[in-house]
Structure formats: C-alpha cells, structure tokens
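**Q** If you scroll down you'll find the structure; I have some questions about it.
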Amino acid sequence: MDLDLGQLRALAAVVDAGTLEAGARHLHITTSAVSQRLRALEQATGRVLLVRSRPVRPTASGERVLQLARQVSLLVADTTAALGGAADDEPGRGGADDGRWVRPPVLPIAVNADSLATWVLPALAHLAGPEAEVCLDLRREDQSYTARLLRDGSVVGAITSDAEVVPGCSVQPLGALRYLAVATPEVVDRWFADGVTGEALRRAPVVVFDRDDELQDVWLAARASAAGAGERLDPPRHHVPASIDFSEAVKLGWGWALLPQAHASGDLASGRLVQLDEAPVDVPLYWQQWKLRSPALDAVASALVTAARAALVPIS
C-alpha cells in the first residue's frame, strides 16, 4: 500500500479542524484539493476513512490511518529539525530566513483538567516558551477517558488514570493527584450539622465538573456505605466545567466537592473551607505515549515525569 504524505496530512487536518473547508484553510489549499486527497487516500487503502458529518469523524479504519498520519508528521518534523532546515512542501516554511527557521512540531496531548490547572503548564513551560521546541495542542478530557484519544489516533500522548497499556504505546507511572472533600463552613452548618450522614449526603448539593466527572460519586458511594445508607445517593448537582471556576463555586458556597489539595490547602488554612472527611482521595495518573522514537515527544514525557515527582504523591 503506497500512501502519500500530502494525503495523510489532509486526513489529520480535516479531523482536527472538523470540516473539509477548515482543514483546507489550515493547509492553505482549496477545499477541492483536500477532497481529492481524501478520495485518493481512501482509494489507496480500500476503506472509507471519514464519516462526512459535521464535525467529520474517522471510521474505525480512519482511526488507524489517522494514527499513522500523526506518526509520520512527527517523524518528518523531527527529521527536518535534525537537518536544520524546512521541508519544501510545508506551508509557512522558509521565507526571510531562507529555510533556516524550523517550524516546531505540533504535539496533540490529552490532559485531565485538574492536572492542566495545577502542575502541567509549569512543567511544559520551558518547551513551549520563547525558544519553543514544540507546539502543544492540549486536549482537555477527564483522566478516565484520555486513553481513548490515544486509541483513536487523536493524540500522541496522554495523562490518564488507566494503567492498562494502550496497544502500540508505552506507559510510565506519574503519581497520584490528591483530592480533599471540602465545603465552606456555611455549607457544613446548613447540611452537615449532625455529621456526614447518609441523609445529609442525600440532600446536600454537590458541585461536579461535567457529566463525565465520577469522582464525587465514587466518594459518595464510599461514604454512603460507611454511613449505612443502602441505596445509591443522588444529591442535587451543580455542573461547572472549568477547573478554576469549579473551585471558586465551592468556595462561594454552591455545595461540597472534592478539590485538588493544591487548590484547597490555602483556603483550609484560612478557614474559608473545611474538610468533610479527613481521608484524602488519591487518583493515580500515568503517562502513555506512542512507541515512537521522537526527540520532541520524549522531551515532553521527560518534563512531565520530572514535574510529577514534585507535584503528585506516590501511587499507593
């Protein structure tokens, strides 16, 4: 099977952008040219690779070819950097520097929201700063679901709570992100004056990140069992899908929630927040990436692993 680099780039651009038109703008070619490249790629593979919905999405076969497209793109960028020049067929290369400037490779990475809001950005700052070695395309997703983005070819690496190795990937333990169940004194006085009972947990409003956020429910199930409540507890819920705003909602008294220790520690010390339960909840995190020898990808992995040693607690 003979696959063309331009066709692979067209597939990745369209999936990332969501439409053929947006993918064409990214590649600085016409929509018709993108369509022709995609048809040629489907003819070469003998498979339908895209569902032409809005946004477009890859088929099962398309996910495999998309993974190849990203791997090839990363290898081309690494080789270009090693040669110290710009690829002839890449838009935006060359010009005033006569080809000596090298566009950094783009690395799509899946990161859970709380890691993104606490330790990941400082960890990667030296790679993405003024002397940028890479361009980072961070995809925010719950840690329970980031691994699926590796499987479908959307990203080249992911911070995930899944220790099971994704086929074609390697895995390294990072540590555990520690959470504390907290609320304002006013919420505690209103709902938990008689303690963290099953009845209190059934009635007290809880703040959750989004519909994929299961952390509060895991804690609820454990507390309900300890409190002797035999049924699943389903308290009133506020959804606040942004980490800093989520923390602020808890601090404003919207309800109780589990916050990363880094977000809660200062307010616990000042008395603005109090803990509902002394026992922390530790969510283990792992770094998974494709088994691909890439200096750019390895640099990201090294930065994350090093930072995680200081930011996270050991996995028990």
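**Q** Criterion first (under 21 Å from ALA296 (Cβ atoms) and assigned by TED's automatic domain parsing to the domain that holds MET1) does LEU75 satisfy it?
**A** Numbers: under 21 Å from ALA296 (Cβ atoms): yes; assigned by TED's automatic domain parsing to the domain that holds MET1: yes.
It is true that LEU75 is under 21 Å from ALA296 (Cβ atoms) and assigned by TED's automatic domain parsing to the domain that holds MET1.
**Q** Could I ask something else about it? Which of the residues belonging to the range 144-170 are assigned to a strand (DSSP E or B) and surrounded by 16 or more Cβ atoms within 10 Å (Cβ to Cβ)? Write out each step before concluding.
**A** Quick first cut of the range 144-170, residues assigned to a strand (DSSP E or B) only: 157-160, 169-170.
Within the range 144-170, GLY157, ALA158, ILE159, THR160, CYS169 meet the criteria.
**Q** Now for a separate question. Restricting attention to the range 290-313, does a residue exist that is farther than 30 Å from ALA82 by Cβ and basic (Lys, Arg)?
**A** Of the residues in the range 290-313, the ones farther than 30 Å from ALA82 by Cβ are 310-313.
Next, from what is left, pick out any that are basic (Lys, Arg): none.
The answer is no; no qualifying residue exists.
**Q** Which one is nearest to VAL283 (Cα to Cα) among residues in the range 128-156 that are among the charged types (D, E, K, R) and within 11 Å of the chain's Cα centre (by Cα)?
**A** Step one: list which residues in the range 128-156 are among the charged types (D, E, K, R), which gives 131, 133, 137, 139-142, 148, 151-152.
Next cut, within 11 Å of the chain's Cα centre (by Cα) only: 137, 139-142, 148.
Numbers: ASP137: 24, ARG139: 19, ARG140: 17, GLU141: 15, ASP142: 12, ARG148: 18 Å.
Restricting to residues being among the charged types (D, E, K, R) and within 11 Å of the chain's Cα centre (by Cα), the top hit is ASP142.
**Q** Any idea how many residues of the range 53-65 are farther than 23 Å from ALA147 by Cβ and either acidic (Asp, Glu) or surrounded by 12 or more Cβ atoms within 10 Å (Cβ to Cβ) (or both)? Full working, then the answer.
**A** First, the residues of the range 53-65 that are farther than 23 Å from ALA147 by Cβ: 53-54.
Subsequent filtering for residues that are either acidic (Asp, Glu) or surrounded by 12 or more Cβ atoms within 10 Å (Cβ to Cβ) (or both) retains none.
Qualifying residue count, the range 53-65: 0.
**Q** Please work out which one of (1) under 24 Å from ARG151 (Cβ atoms); (2) modelled with pLDDT of 90 or more; (3) surrounded by 14 or more Cβ atoms within 10 Å (Cβ to Cβ) is the condition ARG25 fails and give its number.
**A** Failed condition: (1).
**Q** Would you check if there is a residue in the range 20-33 being farther than 24 Å from ARG103 by Cα and touching a residue at least 12 places away in the same chain (Cβ under 8 Å)?
**A** No; the residues of the range 20-33 include none that is farther than 24 Å from ARG103 by Cα and touching a residue at least 12 places away in the same chain (Cβ under 8 Å).
**Q** Give the residue that is surrounded by the most Cβ atoms within 10 Å (Cβ to Cβ), with candidates limited to residues of the range 271-316 that are under 20 Å from the mean Cα position of the chain (by Cα) and of a type in the set (D, E, K, R).
**A** ASP282
**Q** Would a scan of the range 120-131 turn up a residue that is among the charged types (D, E, K, R), assigned by TED's automatic domain parsing to the domain that holds GLN288, at pLDDT below 85 and surrounded by fewer than 20 Cβ atoms within 10 Å (Cβ to Cβ)?
**A** Initial filter on the range 120-131 (among the charged types (D, E, K, R)): 131.
Checking which are assigned by TED's automatic domain parsing to the domain that holds GLN288 leaves us with 131.
Going one step further and asking which of them are at pLDDT below 85, we end up with 131.
Pick out the ones that are also surrounded by fewer than 20 Cβ atoms within 10 Å (Cβ to Cβ) and you get 131.
Checking the range 120-131: at least one residue is among the charged types (D, E, K, R), assigned by TED's automatic domain parsing to the domain that holds GLN288, at pLDDT below 85 and surrounded by fewer than 20 Cβ atoms within 10 Å (Cβ to Cβ).
**Q** Hey, any hits in the range 235-243 for a residue that's in contact with a strand residue (DSSP E or B) (Cβ under 9 Å, 6 or more places away or on another chain), hydroxyl-bearing (Ser, Thr, Tyr) and either over 17 Å from ASP189 (Cα atoms) or outside any helix (DSSP H, G or I) (or both)?
**A** So far as the range 235-243 goes, yes, one or more of its residues are in contact with a strand residue (DSSP E or B) (Cβ under 9 Å, 6 or more places away or on another chain), hydroxyl-bearing (Ser, Thr, Tyr) and either over 17 Å from ASP189 (Cα atoms) or outside any helix (DSSP H, G or I) (or both).
**Q** When you look at VAL182, is it part of a strand (DSSP E or B), more than 25 Å from ALA307 (Cα to Cα) and either among the β-branched types (Val, Ile, Thr) or within 16 Å of the chain's Cα centre (by Cα) (or both), yes or no? Spell out the reasoning first.
**A** Values: part of a strand (DSSP E or B): yes; more than 25 Å from ALA307 (Cα to Cα): yes; either among the β-branched types (Val, Ile, Thr) or within 16 Å of the chain's Cα centre (by Cα) (or both): yes.
For VAL182, the condition - part of a strand (DSSP E or B), more than 25 Å from ALA307 (Cα to Cα) and either among the β-branched types (Val, Ile, Thr) or within 16 Å of the chain's Cα centre (by Cα) (or both) - is met.
**Q** Additional query: Restricting to the range 34-46, name every residue that is small (Gly, Ala, Ser) and surrounded by 14 or more Cβ atoms within 10 Å (Cβ to Cβ). If you could, list the steps in order and put the result at the bottom.
**A** At the first step, the residues of the range 34-46 found to be small (Gly, Ala, Ser) are 35, 40, 44, 46.
Within the range 34-46, SER35, ALA40, ALA44 meet the criteria.
**Q** Which of the following residues is surrounded by 23 or more Cβ atoms within 10 Å (Cβ to Cβ), under 30 Å from GLU278 (Cβ atoms) and in contact with a strand residue (DSSP E or B) (Cβ under 6 Å, 6 or more places away or on another chain): ALA110, ALA176, ALA183? Let's see the steps before the verdict.
**A** Numbers: ALA110 fails: under 30 Å from GLU278 (Cβ atoms); ALA176 fails: surrounded by 23 or more Cβ atoms within 10 Å (Cβ to Cβ).
Being surrounded by 23 or more Cβ atoms within 10 Å (Cβ to Cβ), under 30 Å from GLU278 (Cβ atoms) and in contact with a strand residue (DSSP E or B) (Cβ under 6 Å, 6 or more places away or on another chain) holds for just one of ALA110, ALA176, ALA183, which is ALA183.
**Q** On to the next question. Going by the structure shown, is PRO284 assigned to a loop (DSSP other than H, G, I, E, B) and either under 30 Å from HIS126 (Cα atoms) or of a type in the set (S, T, N, Q) (or both)? Working first, answer last.
**A** Details: assigned to a loop (DSSP other than H, G, I, E, B): no; either under 30 Å from HIS126 (Cα atoms) or of a type in the set (S, T, N, Q) (or both): yes.
For PRO284, the condition - assigned to a loop (DSSP other than H, G, I, E, B) and either under 30 Å from HIS126 (Cα atoms) or of a type in the set (S, T, N, Q) (or both) - is not met.
The values are calculated or read from the model by the stated rules, or taken from the named source; none is laboratory data. Values in this document were obtained by computation on a predicted structure and should not be read as measured data. Using ideal geometry, Cβ is built from the backbone for each residue, glycine included, and neighbour counts are taken over all protein chains shown.
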